[in-house]
Structures are given as structure tokens and as C-alpha cells.
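Dropping the structure in here first, questions after.
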């Protein structure tokens, strides 16, 4: 992927996403009314899944597999501003559980 794509993902994530702790895992979610940018990001990552939440009319890109979360976090870290600390915490937590990655 190109640096512009990483920067695009990071900006999208900073504005519309979050990293959540679920049990001992980290999960990335990015929310958007239009699913097309989320589908594009999932293709770039070759991971995650996009689904629709009818209660709020939003589409969500979900990344739950830990190796995919780690890949995403490493990709966006240099470009993330608002959620940089959360991204660094997620990388540290996943690498501690999976040092072989």
C-alpha cells in the first residue's frame, strides 16, 4: 500500500473509529453512513468485515482478528493524531500476547 492510503485510513480512524478492549483482545471499529470507504479500507487491509447496523443506520468496519488489528495499528500509527495513544497501547498489548508477530 501507498503512504497516502495509510494516511487516509488513519484520518478516517481518528475521526470515526475506535479501539475497544474485549476480554484480553483489542477490536477496531470504524463507523460511517456510507459503506463504500469502509469496504475500500477492508480491501486494502485484506482483512476485517463491513456490516450494517439498522438501529443507527450506520455501516461498521470491524477488525477483530488480533493479527489483523496489529497490522492495522502498525499501518496507521505514523499518521494517527487523536487516537495515537490508543493505537500504541493496542500494539503493545497484542505484541505482549503474541511476541512471534
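Quick note: the coordinates plus some simple rules give every number you see, no bench work behind them. In this text, all values refer to a predicted model and were calculated from it rather than measured experimentally. Cβ: placed from backbone, ideal geometry, glycine included. Neighbour counts: every protein chain shown.
Just to be sure before I move on: is residue 42 closer than 17 Å to residue 80 by Cβ and touching a residue at least 12 places away in the same chain (Cβ under 8 Å) in the structure I sent?
Judged against the criteria, residue 42 is not a match.
Going by the conditions given, is residue 32 more than 21 Å from residue 78 (Cβ to Cβ), out of contact with any strand residue (DSSP E or B) (no Cβ under 9 Å at 6 or more places or on another chain) and without any contact (Cβ under 8 Å) to a residue 60 or more places away in the chain? Spell out the reasoning first.
On the way: more than 21 Å from residue 78 (Cβ to Cβ): yes; out of contact with any strand residue (DSSP E or B) (no Cβ under 9 Å at 6 or more places or on another chain): no; without any contact (Cβ under 8 Å) to a residue 60 or more places away in the chain: yes.
Taking the combined requirement at face value, the residue does not satisfy it.
Oh, and also: Step by step: first the residues of the stretch 91-101, then only those that are touching a helix residue (DSSP H, G or I) at 6+ places or on another chain (Cβ under 9 Å) and in a helix (DSSP H, G or I), then the one that is surrounded by the most Cβ atoms within 10 Å (Cβ to Cβ). Which residue is that?
Looking at the filtered set, the residue picked out is 94.
Looking only at the stretch 81-101, count every residue that is in contact with a strand residue (DSSP E or B) (Cβ under 7 Å, 6 or more places away or on another chain) and closer than 13 Å to residue 24 by Cβ and tell me the total.
3
Hey, another quick one. So how many residues does the stretch 33-62 have that are more than 14 Å from residue 10 (Cα to Cα) and surrounded by 13 or more Cβ atoms within 10 Å (Cβ to Cβ)? Reasoning before the result, please.
Within the stretch 33-62, the first condition is being more than 14 Å from residue 10 (Cα to Cα), and the residues that meet it are 33-36, 39, 43, 46-60, 62.
Narrowing the set further to residues that are surrounded by 13 or more Cβ atoms within 10 Å (Cβ to Cβ) leaves 35, 39, 47-50, 58-60, 62.
Qualifying residue count for the region: 10.
Just give me the residues in the stretch 48-90 being within 21 Å of residue 4 (Cα to Cα) and assigned to a loop (DSSP other than H, G, I, E, B), in sequence order.
Residues satisfying the conditions are 48, 80, 81, 82, 83.
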